[in-house]
Amino acid sequence: MKTIIYKWVLMVLYTLLIGSLLVSCNKKTTPNVIKSNESFYINDYADVLLNATLWTILDYSIELYDDSSVQEYQDLNIDGAQIVVLTYQGQLGDINTTEIFNSWGIGKNDLGLLIVLFFDSEKNYQELVVEIGDKTSEYLSAFEASNMVDTYFNIPDINPLDIDLRLISLYFAYVEFFYMNIYDYDSYDYQSFYDEYLENQYTYFGKLPTENDDFFYNMPIWLWIIIIIFLPNAFIPLVFISSGRGFRISGGGGRSRGYWFKKGDFHLLIFFIH
Amino acid sequence: MKKIIMFPIFIAAVVLIILGIIWINAYNGEVTRNNLIEKNRGDVHAALGSRYDKVLAFIDAIEGADTTVTNYLNIIKEARTAFAEAIDNGDIIEADAEAGTIDSTFVTLLAYMEDNPASYNTVSLYAGFMSEFSAATNVVLNTIGKFNESVMSYNNHIQKFTNNMFLANKEPYATYSITNYNATLPTFN
């Protein structure tokens, strides 16, 4: 009798599991929104950035999040700042940066910043969008953020085709802004970080977590279903093994009210004028 | 005999209970959606107010304005004051009308200044402000989108059967027009 009940309970549980899996497969996704990758802070979907650029943004964004998550800032509800970079091959209308910001939940306490670089089909840089989190906008206005793009990204001194260097120049400027203006740091050594990047710009540091071959992460849904049906006792351990892979960084639930602006490539304008 | 009497009473009770549930659902749904509309409308006006504060900051920085620009500035300033007063008085129709005046005049002003950039010592200010104005516009559009979604949800709720039997006296809301907010503004570098 006990065995029969046990079997029934198992059957119901597996049915629920399969059902929930199928429902999740059928889940409606919002158009114009793309998922963040495992590295979260750097999403090079256009596949245009150098390895050193990816690692620099990942490292310094993790550091910013850690530095801004200390008790002092938690007490003031300004902890958990996150700066995220996304490169995208396509046009601005193809994706909704506000929806992406909100679905990724960039920044705890709405202290997030999203930089999106758009590239054409030939991987030529086209334009840039800066989406500012709700609370971040109390410190950083679009006016100022836009001026920073002019000062640090659209710099005539940097080769216009060197998008990596232009991006890093702007990225560190925003990181500096966060440290100095939100967290009241006395100083931020922008130049030394920038110089360090310059020294290592063409160094290969290895794959990012997202680029590592991950069998469980890439395992198709149908394989999961077969495992559930034919190897039910192996399902739970597999879930634990797969969820324990590497490290996963995610957003802090931050929101944006749609406070973003775009800037075209000034080099293109100069080219057309001449 | 007793069963024969009890049966219609039982049926009537079941019908009454079902009607009660439908009425409660219709009423509570209407209240929830109406409150959401009020909240979203407040957000729209807050976003507009914030946008106009930035417009004024920009206007204050303009120096050496000619007669054409001065006229535009006066229209915007007067409409800004009227907008703030209408919001304070809870006059939504008036507030929206003034908002339309400010936005359309401001876009005309920007277009005029764009055509005559060398005439103003505000050109460096202009590029930054365009980004600010564009971002503030996006916020307004976002809040208007949310408001219109909540209006659609409310209107659907009160017009659907069986809710329309209990909510026949409720008027549908009108959505926000985005005529003045969806203009693509030029990008300056």
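Side notes on the structure shown:
- Counting the residues of region A:154-181 that are modelled with pLDDT under 95 and not charged (D, E, K, R) gives 7.
- Residues in region B:130-176 that are outside any helix (DSSP H, G or I) and either within 21 Å of A:Phe101 (Cβ to Cβ) or within 14 Å of chain A (Cβ to nearest Cβ) (or both): 0 in all.
- Verdict on A:Asp47 being of a type in the set (Asp, Glu), at positive phi and surrounded by fewer than 20 Cβ atoms within 10 Å (Cβ to Cβ): yes
- Pairing each residue of region A:131-151 that is within 18 Å of A:Asp184 (Cα to Cα) with any residue that is hydroxyl-bearing (Ser, Thr, Tyr) and assigned to a loop (DSSP other than H, G, I, E, B), provided the two are 6+ apart or on different chains, yields C-beta distances under 6 Å for A:Ser137/A:Tyr259.
- Scanning region B:32-74 for residues that are surrounded by 17 or more Cβ atoms within 10 Å (Cβ to Cβ), over 20 Å from the mean Cα position of the chain (by Cα) and assigned to a helix (DSSP H, G or I) yields B:Phe58, B:Ile59, B:Val69, B:Tyr72, B:Leu73.
- For region A:244-274, taking the residues that are at pLDDT below 50 and under 26 Å from A:Ile62 (Cα atoms), the one that is farthest from the other protein chains (Cβ to nearest Cβ) is identified as A:Gly244.
- Residue check for B:Tyr126: within 20 Å of the chain's Cα centre (by Cα) and either within 14 Å of another protein chain (Cβ to nearest Cβ) or at pLDDT 85 or above (or both): no
- Residue satisfying all of: in region A:130-161; among the hydroxyl-bearing types (Ser, Thr, Tyr), over 22 Å from A:Trp104 (Cβ atoms) and surrounded by fewer than 22 Cβ atoms within 10 Å (Cβ to Cβ); farthest from the other protein chains (Cβ to nearest Cβ) among these: A:Tyr152
- Per this entry, B:Asn25 is counted among residues that are in a helix (DSSP H, G or I) and more than 24 Å from the chain's Cα centre (by Cα).
- If you go through region A:111-139 and keep only what is assigned to a loop (DSSP other than H, G, I, E, B) and closer than 15 Å to A:Arg255 by Cα, you end up with A:Leu111, A:Gly133, A:Asp134, A:Lys135.
The values are calculated or read from the model by the stated rules, or taken from the named source; none is laboratory data. In this text the structure is predicted, and so the values were computed from the model without any measurement. Here the Cβ is made from the backbone with ideal geometry for all residues, glycine too, and neighbour counts use every protein chain on show.
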